[in-house]
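A quick write-up on the structure given underneath.
The values are calculated or read from the model by the stated rules, or taken from the named source; none is laboratory data. As the structure is a computational prediction, the values presented were derived from the model and not from experiment. So basically every Cβ, Gly included, is an ideal-geometry build from the backbone, and we count neighbours across all protein chains shown.
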Amino acid sequence: MKRVIVGLSGGVDSSVAAYLLKEQGYEVIGLFMKNWHDDSVTISKECPWLEDSNDAMLVADKLGIPFQVVDLSEEYKERIVDYMFNEYEQGRTPNPDVLCNREIKFDVFMKIALDLGADYVATGHYCRKDILEKDGELIYRLLSGLDDNKDQSYFLCQLSQEQLAKSLFPIGELKKDEVRKIAADQELITADKKDSQGLCFIGKVRLPEFLQQKLSPKEGIIVQIPDADHFYVKSIPVFKNKEDELSYLSTKHKYNLEDGKVVGKHQGAHYFTKGQRKGLAVGGTVEPLFVIDTDVEKNIIYTGEGKNHRGLYRNVLFVKNDDIHWVREDLKITEGESLKVLARIRYRQKLQKAELFRAEKGLYVVFENPQSAITEGQFVAWYLEDELVGSGVIN
């Protein structure tokens, strides 16, 4: 009987994952990851991790499986929270969920599970895994979840073959309503529990308030940039080669204070991210203002009116060599090669047609259609049909 340790989060998805594995004959153990207890940062007046760990314990009790809480708060602070603050300070927008999976759930947590004699670690992610044999070797494939509306493969875009080999995703073939029905039929306390909207395994934390407690407010100005041809319609230079052309096309617009008009004030450019609409508190425009760029050094936020403002769009992005990750190492392309893929730059975005070009200093992702709010620090993930084959940090 194979032993599986399930990351029980106190939510319905991981609860049903544990139930299904037990039904399949695995020896199942539930572990709850406690990732936060820094009293210097107030997350909310409630104590969500306590409530969640209690729900996880009740689910384990109902299923008749052993249960334990593991404290990973030190590793979480070092690898996720400190990294997040550092990125925001530099005007980049990290994705804590992708990092949490790579650094905590499928690294620190997985090592603890394997030390406890587990054959596998299981989570309640909506994605699938299968295995193929190629040149006498087993290769693990990371596939989209069957529920298009809930597919979470993007969050696992940084996993390696070694991590996938030891992972199970029991609910990947199911839709959310089917998962809730199973939980209700088994009378699990999490059956009707709302999905967590907070940071990975921390709970009900609202990011702006969280950032404000660690990054000091600093008053600056909001500048509105017109959607004018002289900014966005330029004569294209003659390029020596494909790489020069892609480098030019992937470079974002540079704005200066004199390019627009001052329309308001803010409390810190590092609290804002490209494409953001909420929190600007500027009225008097026909359409809402969107952040089109931030300058954390000069503490200026540049905005454009309406979601179709040209400052939001471009169709080429760049990933540095150090930030390229292939889930399928056997499919990676080398300098001068290209590969047609489907790609997304954020969770829940529909997959977009794109082509990868491998250059000397990194990898260009060229989208067929311009993409809104390509954001430095976020992850781009690329797929072949429904298989996620690689990803990278947008530079």
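Quick notes
- Only one of the listed residues (L99, L132) is of a type outside the set (G, A, S) and more than 19 Å from the chain's Cα centre (by Cα). That residue is L132.
- Residue in segment 145-153 that is of a type outside the set (K, R), touching a residue at least 24 places away in the same chain (Cβ under 8 Å) and within 22 Å of K332 (Cα to Cα) present: yes
- Exactly one residue out of G145, G117 is in contact with a Cys (Cβ under 7 Å, 6 or more places away or on another chain) and modelled with pLDDT of 95 or more, and it is G145.
- Count of segment 307-347 residues which are closer than 11 Å to V389 by Cα and surrounded by 13 or more Cβ atoms within 10 Å (Cβ to Cβ): 9
- Checked against the criterion of being within 30 Å of T334 (Cβ to Cβ), in contact (Cβ under 8 Å) with a residue 24 or more places away in the chain and not assigned by TED's automatic domain parsing to the domain that holds R346, the candidates L249, L257, L280 yield just one match: L249.
- Residues located in segment 206-239, provided they are modelled with pLDDT under 70 and in contact with a helix residue (DSSP H, G or I) (Cβ under 8 Å, 6 or more places away or on another chain): P208
Here's the yes/no breakdown for (1) assigned to a loop (DSSP other than H, G, I, E, B); (2) hydrophobic (A, V, I, L, M, F, W, C); (3) outside the structural domain of K105 (by TED's automatic domain parsing); (4) modelled with pLDDT of 95 or more:
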site	(1), (2), (3), (4)
D13	no, no, no, yes
L21	no, yes, no, yes
D38	yes, no, no, no
E46	yes, no, no, no
A60	no, yes, no, yes
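- Some residue of segment 260-279 being hydrophobic (A, V, I, L, M, F, W, C) and part of a helix (DSSP H, G or I): yes
- Residues in segment 119-157 that are surrounded by 22 or more Cβ atoms within 10 Å (Cβ to Cβ) and of a type in the set (A, V, I, L, M): V121, A122, L142, L156.
- On the stretch given as segment 185-195, residues that are surrounded by fewer than 19 Cβ atoms within 10 Å (Cβ to Cβ) and under 17 Å from K22 (Cβ atoms) total 5.
- Any pair with Cβ under 6 angstrom, 6 or more apart, that starts in segment 294-309 at a residue that is within 13 Å of R277 (Cα to Cα) and ends at one that is polar (S, T, N, Q) and in a loop (DSSP other than H, G, I, E, B): E305/T285
- If you filter segment 92-113 down to residues that are in contact (Cβ under 8 Å) with a residue 60 or more places away in the chain and among the β-branched types (V, I, T), you find that the one that is surrounded by the fewest Cβ atoms within 10 Å (Cβ to Cβ) is I112.
So that you can scan it fast, the table gives a plain yes or no per residue for (1) surrounded by fewer than 16 Cβ atoms within 10 Å (Cβ to Cβ); (2) under 29 Å from E360 (Cβ atoms):
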| position | (1), (2) |
| --- | --- |
| L257 | yes, no |
| G260 | no, no |
| K274 | no, yes |
| I292 | no, no |
